[in-house]
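> One structure, as structure tokens, below. Some questions next.
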Amino acid sequence: MHLGLSALLEFQRTHQSDEALVLGTVIATEGSTYRKPGAMMLIAADNSYCGLISGGCLEADLAAHAKDVFADGKTRNVVYDMSHGDDFAWGLGLGCDGIIHLMLQRLDGSSGFGFLDVLTQALEARCSGLLSLVTKSDDPAYSPGDFAVSFDGPFKAGDPGLIPHPEQVSEMLSATGQRMSRRYWQEKIDTSGGEVDVLLVPITPQPSVLICGAGHDALPVARLGVEMGWEVTIVDHRSGFARADRFPDSCRVLVLQPDELAQTLALQNFDAAVLMTHHLGHDRAYLSQVVNAEISYIGLLGPRARRNRLLEEIGEDHAHVYGPAGLDIGAEMPESIALAIVAEIHAHLNQRSGVMLTSAGT
């Protein structure tokens, strides 16, 4: 589950010298809500905050509740019930019909801001893991807000007893692409002193996307990818196009000959690749290297016949090579083509079909 954690962790870094931060986590929902369990926001003592747990309606009110948590350090639950359309809901400008249960907990800087420091280290190493957060407990040894995080490798924190079925978790995290369709689940853990309810949230690194070709139509793909919170790398053999000043600051831009790709980049670390050089030979060279690198999504510009020809020429036939790249939204200009491609990548990584929500009955 990619929760926009990069923005939250950047917010933590800017408040590294603060005595404490308050973490707000959606722990349960009923009916229609903007975000689902696992969604988080961070609140600083100066009332600034980062992250969305609604459409922007509740965050300021939560910041007010956070003052009490800063003051006494006690974890609190806050419930927003929008199902009745009462004066409270209208006053906050809420348009959903559901109920949101949130937990506010104080994270002290002296203890590494809870699990945030470990999250930072694990995600920088592009490791996947699981967060287990206590939401209710009748065991006096555990309190709401207690946690455990377990990532690949050495990145662990909290009480490992809060990770149920660790063998099953390990199997889930080793799944292809380390991306799980299950966004969260809740379990009860029997302890020596009673029973503990935990919210389990899979945590995965932000998607990493490779764009082969730095022409004018690559610019909106890169911009949208950055807006999505993705790590974006652009390569092109033309130094006049592969210039960092043409792309968002967070992008990695490299001048490479097409046949140097696999020698320079760890292709297995990418979740998606888009080939958009508009040159058959260059796309062939890129495709021959990325097609066997376990990249989950590979997109090709141009008609289906072009895709089939390229696969035939390199002697491969892979279902994860998409061409024409993008969803069918009537795209024609670079910006709308970029929107179609980024939407298809997002749908693919989240194991969704990309159909209209109305027709999907959602």
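> What tally of residues in the stretch 101-143 results from selecting those that are of a type outside the set (A, V, I, L, M), modelled with pLDDT of 90 or more and touching a strand residue (DSSP E or B) at 6+ places or on another chain (Cβ under 7 Å)?
Matching residues across the stretch 101-143 total 16.
> Here's a check for you: in the stretch 23-58, which residue that is more than 19 Å from the chain's Cα centre (by Cα) and within 27 Å of GLY129 (Cα to Cα) is surrounded by the most Cβ atoms within 10 Å (Cβ to Cβ)?
Looking at the filtered set, the residue picked out is ILE43.
> Continuing with this model, one more query. Within the stretch 254-263, is even one residue surrounded by 15 or more Cβ atoms within 10 Å (Cβ to Cβ) and either under 19 Å from MET228 (Cα atoms) or not aliphatic (A, V, I, L, M) (or both)?
Looking for residues that are surrounded by 15 or more Cβ atoms within 10 Å (Cβ to Cβ) and either under 19 Å from MET228 (Cα atoms) or not aliphatic (A, V, I, L, M) (or both), one finds at least one in the stretch 254-263, hence yes.
> Scanning for something under 24 Å from SER336 (Cβ atoms), basic (Lys, Arg), surrounded by 15 or more Cβ atoms within 10 Å (Cβ to Cβ) and out of contact with any Asp or Glu (no Cβ under 9 Å at 6 or more places or on another chain), does the stretch 182-192 turn up at least one residue? Steps first, please.
So the first thing to find is which residues in the stretch 182-192 are under 24 Å from SER336 (Cβ atoms), and the list is none.
Scanning the stretch 182-192, I find no residue that is under 24 Å from SER336 (Cβ atoms), basic (Lys, Arg), surrounded by 15 or more Cβ atoms within 10 Å (Cβ to Cβ) and out of contact with any Asp or Glu (no Cβ under 9 Å at 6 or more places or on another chain), so the answer is no.
> Restricting attention to the stretch 176-202, and to residues there that are of a type in the set (Val, Ile, Thr) and over 10 Å from SER132 (Cβ atoms), which single residue is modelled with the highest pLDDT?
THR191
> Taking the stretch 122-156 only, how many residues are surrounded by fewer than 18 Cβ atoms within 10 Å (Cβ to Cβ) and either of a type in the set (Ser, Thr, Tyr) or under 16 Å from the mean Cα position of the chain (by Cα) (or both)?
Qualifying residue count, the stretch 122-156: 4.
> Let me ask something else. Taking TYR297 and the conditions (1) closer than 21 Å to GLU231 by Cβ; (2) outside the structural domain of GLY213 (by TED's automatic domain parsing), which numbered condition does it fall short on, given that it satisfies the others?
Just one mismatch for TYR297, condition (2).
> Is it the case that SER359 is among the small types (Gly, Ala, Ser), in a helix (DSSP H, G or I) and either more than 25 Å from the chain's Cα centre (by Cα) or modelled with pLDDT under 95 (or both)?
Values: among the small types (Gly, Ala, Ser): yes; in a helix (DSSP H, G or I): yes; either more than 25 Å from the chain's Cα centre (by Cα) or modelled with pLDDT under 95 (or both): yes.
Yes.
Let's see how each residue does on (1) basic (Lys, Arg); (2) part of a loop (DSSP other than H, G, I, E, B); (3) on the phi > 0 side of the Ramachandran plot; (4) more than 20 Å from the chain's Cα centre (by Cα):
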{"residue": "ILE211", "(1), (2), (3), (4)": "no, no, no, no"}
{"residue": "HIS216", "(1), (2), (3), (4)": "no, yes, no, yes"}
{"residue": "GLY225", "(1), (2), (3), (4)": "no, no, no, no"}
{"residue": "ASP259", "(1), (2), (3), (4)": "no, no, no, yes"}
{"residue": "ARG284", "(1), (2), (3), (4)": "yes, no, no, yes"}
{"residue": "GLN289", "(1), (2), (3), (4)": "no, no, no, yes"}
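> When the stretch 101-149 is examined, which residues are found to be more than 30 Å from GLU231 (Cβ to Cβ), small (Gly, Ala, Ser) and not in a strand (DSSP E or B)?
SER110, ALA141, SER143, GLY145
The values are calculated or read from the model by the stated rules, or taken from the named source; none is laboratory data. Remember, it's a predicted structure, so these values are computed and weren't measured experimentally. Methodologically, a virtual Cβ is constructed for each residue, glycine included, from the backbone with ideal geometry; neighbour enumeration extends over all protein chains shown.
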